[in-house]
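The values are calculated or read from the model by the stated rules, or taken from the named source; none is laboratory data. On a predicted model such as this, the values are computed, not experimentally measured, just so you know. FYI the Cβ positions are ideal-geometry reconstructions off the backbone, even for glycines, and counts take in every protein chain you see. SASA here: full protein model, heavy atoms, side chains in, ligands and nucleic acids out. Shrake-Rupley method; radii C 1.70, N 1.55, O 1.52, S 1.80 Å.
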Amino acid sequence: MVTMSAFEVLGPVMVGPSSSHTAGALRIALVARSLAPQPLESVDFLLYNSFSRTHAGHGTDRALVAGILGLAPDDVRVRRSFELAGEAGLNFAIIEQGEDETLHPNTVEIRMRIKGGKEISVMGESLGGGRIRLSSIDGVPVDIAGEMPTVFVAHEDRPGVLAALTAVLSGAGVNIATMRTFRHERGGAAYTVFEVDEAVDQELIELLRQVPHVGFASQVDVPGAGPAIGDADEDAPYAFATGADLVALSEKNDLSIGELMRGRELGIAAAQGLAGSEVDAMLDRVLQVMRDETVEAISHPKRSLGGMIGGEALRVSMSGKTPVCDALMGATATRGIAMAMATLERSATMGVIVAAPTAGSSGVVPGSILAVAESVGADEALVKKALWNASAIGAIISTNATVAGAEGGCQAEVGAATAMASSALVEMLGGSASQCLDAAALAIANTLGLVCDPVRGMVEYPCQARNAMGVSVAMCSAQLALAGITSLVPFDEAVVAMSEVGHALPASLRETAEGGLAATPTAQAFSCDGACDGCIGCA
């Protein structure tokens with residue numbers, strides 16, 4: 001079953017420019033920080049694979065330091081994290097480890113030294129769209145994603161320790177969903193990870209720390225994560241695994257995909273003690289940030305960190321007042337393209353955006369939905385239904401394929417966003433669930449094989465132009481579906497094909513900046529001519 005929240009697809013709300021390399025990196029560091037006793041004396045960040053190659057251009061290094069300092073993904077101070085670390089007296093080192101094919105493309109090992117000499121090492125992976133996983137602690141393999149309230153306990157491998165820990169939790173009325181213990185050897189260091197139904201308070205954490213042979217206990221908190229359904233919980237409201245499931249649920253319950261997704265999110269939230277108003281408030285914030293990100297660069301353009309983009313959204317917007325607009329894209333598509341490009345411009349200046357599903361593809365969904373909404377006079381409720389719809393499509397793609405450029409190329413980022421947007425447009429314009437999936441399948445068909453080749457490793461060029469292309473493909477796919485044109489290959493099979501194509505792409509075409517347009521002579525020789533006040537790209 002799809003287990004992720006809508007807000008892991010339409011989110012996180014974050015500082016740009018990359019959901020995997022900026023927000024994901026920051027989240028890994030935040031979780032690592034929660035697993036180490038404070039205060040920290042120094043931290044080493046060992047970067048592997050894509051993280052090692054492109055960390056400066058993506059702001060990965062600054063995001064990691066920001067996370068260790070406790071900043072949230074949407075904190076505008078992320079860009080100043082090096083300076084803030086100096087003010088806090090925290091020593092750190094960024095160490096490029098190069099390639100390791102045994103590790104995930106976006107991997108970092110964080111070695112923390114606590115005052116007094118104790119050290120703890122945490123290895124994490126950024127999975128795309130801001131989602132993360134911890135893969136080892138002090139060399140002991142673990143599996144922590146933080147998708148449910150999670151309690152981490154470091155202890156000695158002694159008889160009775162697990163019984164004492166579970167007694168403390170059950171005595172406090174905490175229901176344990178899963179419990180996993182990891183150890184290197186019998187009688188040595190061990191770690192137990194509890195996933196529980198509801199977050200626990202600090203008093204309970206203190207009780208766990210007092211259990212004999214326990215060295216440390218902490219609650220793992222991944223900021224920005226929405227409520228998540230338990231693994232394979234088929235009894236959850238409107239649970240689904242595929243697009244075919246969505247169509248069947250829609251027909252059975254006489255609800256649109258957007259209505260199903262909101263109902264599912266409300267049910268999951270209620271099971272975790274959250275009010276429906278809290279879920280609606282989360283979507284309200286997503287929509288407000290989208291409204292802001294799609295217009296700021298049109299009214300107040302800024303040059304990007306890498307100097308490759310800045311002002312394009314304004315120029316496209318101005319072209320909407322010329323005969324070229326009517327002859328080519330038309331007013332609505334031109335507006336949508338300008339909004340998408342504006343979002344990338346804001347992201348590329350480390351402004352606050354919504355990853356939808358990633359930062360590199362963040363312009364497609366808001367540009368498409370908001371431009372069409374303006375054109376047809378859609379009310380707020382209809383816009384929100386379209387966003388819920390988009391999140392359902394993105395959740396399926398994230399679960400059954402990937403939305404990470406480092407894993408699947410740009411087809412996984414802009415391609416996924418285009419499929420999400422096309423389906424959302426069909427719902428906004430009165431189409432059926434089947435037509436939504438036809439539009440999404442057509443969108444995937446027309447972005448399949450798109451490579452990820454950011455020049456200088458920065459989310460600027462060709463990323464901004466590809467977001468513009470995503471808007472046009474989304475609108476085209478939606479119109480085809482609403483005209484009654486079906487996709488020969490159904491959505492679910494198209495998603496599988498996307499996954500297989502992504503795995504077939506060489507590493508040079510998956511966000512490494514080593515192939516495609518990034519490897520051309522002009523791209524290799526690109527210089528921002530010194531007009532880069534505050535730039536982090538050459539650091």
Legend entry - Kirkwood hydrodynamic radius (C-alpha pairs) into Stokes-Einstein, the stretch 11-82, 10 °C and 1.306 mPa s, D in µm²/s: 133 µm²/s
Inset, instruction - Specify which residue in the list Gly310, Ser277, Ile298 is farthest towards the positive end of the charge dipole of the stretch 277-316, using unit charges on the beta carbon of Lys, Arg (+1) and Asp, Glu (-1), about the Cα centre. - result: Gly310
Inset, instruction - Can you work out the accessible area per residue across the chain, with the rest of the protein chains kept in place, probe 1.4 Å, in square angstrom? - result: 37 Å²
Legend entry - 3J(HN,Hα) from dihedral phi, the stretch 125-138, Karplus parametrisation 6.51/-1.76/1.60, rounded to Hz, x for glycine, proline: 10, 9, 8, x, x, x, 6, 9, 8, 8, 10, 7, 10, 6
Legend entry - Lys/Arg +1, Asp/Glu -1 at C-beta; the stretch 34-139 dipole; positive extreme among Gly116, Gly70, Ser42: Gly70
Inset, instruction - Might you report the magnitude of the Cβ-based charge dipole of the stretch 339-490 about its Cα centre, with Lys and Arg at +1 and Asp and Glu at -1, to the nearest 20 debye? - result: 60 debye
Inset, instruction - List the equivalent ellipsoid semi-axes of the stretch 409-539 in whole Å, largest first, each obtained as the square root of 5λ for an eigenvalue λ of the Cα gyration tensor. - result: 33, 17, 10
Legend entry - Rounded if a/c under 1.5, otherwise prolate or oblate - the stretch 34-119, Cα gyration tensor axes: oblate
Legend entry - Assigned charges on the beta-carbon of Lys, Arg, Asp, Glu; the chain dipole about Cα centre (debye): 1020 debye
Legend entry - Packing-based order for 381-389, 161-169, 471-479, using average beta carbon neighbours within 10 Å, highest first: 471-479, 381-389, 161-169
Legend entry - Percent carbon-and-sulfur accessible area, the stretch 285-342, ignoring ligands, DNA and RNA, probe 1.4 Å: 60 percent
Legend entry - Helical segments meeting 27 Å axial Cα length and Kyte-Doolittle -0.5 threshold in the chain (DSSP H): 380-400, 463-482
Legend entry - Relative packing of peptides 438-445, 77-84 - highest average C-beta neighbours within 10 Å first: 438-445, 77-84
Inset, instruction - Towards the positive end of the charge dipole of the stretch 380-539, with charges on Cβ (+1 Lys, Arg; -1 Asp, Glu), say which of Ala433, Ser527, Ser391 has the farthest Cα. - result: Ala433
Legend entry - Accessible surface of the stretch 155-212 [probe 1.4 Å, protein heavy atoms]: carbon and sulfur percent: 49 percent
Legend entry - Separation of alpha-carbon centers, the stretch 140-188 and the stretch 412-442, rounded to whole Å: 42 Å
Inset, instruction - Of all alpha-carbon pairs in the chain, indicate the percentage at a distance above 44 angstrom. - result: 14 percent
Inset, instruction - Calculate, in nm to one decimal, what Val76 and Thr520 gain on full extension: separation in residues at 0.36 nm each, minus their alpha carbon distance. - result: 156.5 nm
Inset, instruction - Based on the mean of other Cβ atoms within 10 Å per residue, sort peptides 178-185, 265-272 so the most packed one is first. - result: 265-272, 178-185
Legend entry - Contact order relative to length of the stretch 387-539, as percent, for alpha carbon pairs under 8 angstrom and 6 or more apart: 31 percent
Legend entry - Cα-centre dipole for the stretch 373-459 with unit charges at Cβ (Lys and Arg positive, Asp and Glu negative), debye to 20: 100 debye
